[in-house]
Amino acid sequence: MEPATLFAALSHYAAQQQWQYVYPVLSRRAQGLSLGINLHPNHACNWQCIYCQVHGLHRGHSPIINVPQLMDELQGCLQWLIDYLSSQGLLINAVVSDIAFAGDGEPTTSLQFPEAIEALATLLAAYPATQRPQSVRVITNGSQLHHGHVQHALRSLSMLHGEVWFKLDAGTDQEMLDINQTRLPVALHLQRLKTCCQYCRTWVQTAIVTRKTNHGLVTTPSLLPYIELLDKVKSEIAGVLLYGIARPGQQPLSSSIAPVSVMILEEYAETLRNAGYQVSVFA
Ligand code: SF4
């Protein structure tokens with residue numbers, strides 16, 4: 001079954017159910033249908049990435065999450081998938097790529113993130129491997145990895161054979177400010193990436209963009225400082241996911257960036273592959 005067909009049918013069902021925390025998404029990077037978990041229905045994040053596609057994003061605190069309701073929604077989603085797919089002789093793990101903590105804000109800033117991971121582990125234990133999505137992922141900006149409760153949750157994620165996609169869009173402090181709009185020094189971000197790798201299998205995910213600056217068009221992250229950073233975690237990360245901007249960002253500064261060409265994406269990928277990294281590209 002085509003993921004797009006399943007996505008359309010599940011989206012229709014999800015709209016009827018008015019789920020607050022669970023949403024289906026056709027994911028380029030997950031390469032198929034993903035079941036998203038949104039711990040920030042209030043659209044609050046601690047960063048404001050220039051390319052972010054969240055409408056109405058603002059800096060703010062995480063809301064209180066009704067974790068039992070979240071699990072009810074996910075259980076309802078899995079049951080719908082089982083019923084829908086079994087009528088066609090299919091199993092969930094053949095067609096659903098992952099359950100992904102992503103949503104409209106940074107998932108690890110929610111103090112209930114560990115509780116949600118534990119509840120998910122309990123829920124999934126009730127399903128045979130064939131009737132679960134292929135993976136569980138946490139897509140994070142990595143800013144909370146110094147907190148013990150986040151580390152603990154990622155250890156639990158690891159026990160689910162899950163993985164982390166850790167955002168690294170910059171090679172320098174200035175690029176972190178320009179792209180992610182955070183004053184977090186890149187060296188500290190790298191330390192948090194190293195910490196993340198200790199607890200769970202971790203991929204670096206990097207958005208490559210063209211930016212309008214006073215000096216003309218610039219591709220970010222700058223290749224050399226970016227590779228120098230990666231080299232410090234080379235043996236610890238699983239690999240690198242490089243992606244371009246497929247849809248316009250929804251932030252005030254989004255108009256100052258543009259997608260890079262496939263050629264530039266491939267140039268970055270080739271350089272990394274030649275240096276021994278496992279790389280996937282999503283144009
Ligand atoms: S891309 Fe992610 S980390 Fe960046 S502002 Fe949007 S929700 Fe926050």
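List of remarks:
- With the alpha-carbon atoms of the range 122-251 aligned to their principal axes, the span from lowest to highest coordinate is 57, 30, 25 Å, starting with the largest.
- Modelled label positions at Ala283 and Ser255, each set 7 Å beyond Cα in the direction of Cβ, lie 2.8 nm from each other.
- Projected over all directions and averaged, the alpha-carbon convex hull of the chain occupies 14.4 nm².
- The chain: relative contact order as a whole-number percent, Cα under 8 Å and 6+ apart: 17
- Working from label points 7 Å from Cα in the Cα-to-Cβ sense, the Asp231 to Ala119 distance is 4.6 nm.
- Calculated [222 nm] ellipticity per residue, helices only, for the chain: -11000 deg cm²/dmol; basis is -39500 (n - 2.57) per DSSP H run with n ≥ 4, divided by all residues, nearest 500.
- The range 3-282, accessible surface, carbon-and-sulfur percent (1.4 angstrom probe): 54
- Rounded FRET efficiency, nearest 0.05, which uses the C-beta distance separating Tyr13 from Lys212 and R0 of 51 Å: 0.75
- Cα Rg over Rh - the range 6-66, Kirkwood: 1.00
- Pro252 sits among other residues whose Cβ lies under 15 Å from its own Cβ, and their net charge, with Lys and Arg +1 and Asp and Glu -1, is +2.
- Sum of side-chain charges, Cys196 neighbourhood, beta-carbon under 12 Å (Lys, Arg +1; Asp, Glu -1): +3
- Unsatisfied cross-links (Cα-Cα over 20 Å) in the set Lys212/Lys232; Lys194/Lys232; Lys167/Lys194: Lys212/Lys232
- Residues in the chain average 44 Å² of solvent-accessible surface per residue, probe 1.4 Å, ligands and nucleic acids excluded.
- Charge context of Tyr23, other residues only, Cβ under 12 angstrom, K/R +1, D/E -1: -2
- Computed on the range 1-112, with alpha-carbon pairs under 8 angstrom and 6+ residues apart, the relative contact order is 35 percent.
- Inter-part distance where the range 159-220 and the range 100-155 are each reduced to a Cα centre, Å: 20
- Inter-label distance, Gln53 to Leu190: 3.1 nm, where each label sits 7 Å from its Cα along the C-beta direction.
- Value of Rg to Rh for the range 1-134 (Rh from inverse mean 1/r over Cα pairs, i.e. Kirkwood): 0.97
- Candidates Gly148, Gly171, Gly216, ranked by Gaussian network fluctuation over the chain, Cα under 10 Å, top entry: Gly216
The values are calculated or read from the model by the stated rules, or taken from the named source; none is laboratory data. Please read these numbers as outputs of a predicted model, since none were measured by experiment. Cβ sites come from the backbone with ideal geometry, for glycine too, and all protein chains shown count toward neighbours. The area values use the complete protein model at the heavy-atom level, side chains included, leaving out ligands, DNA and RNA. Shrake-Rupley method; radii C 1.70, N 1.55, O 1.52, S 1.80 Å.
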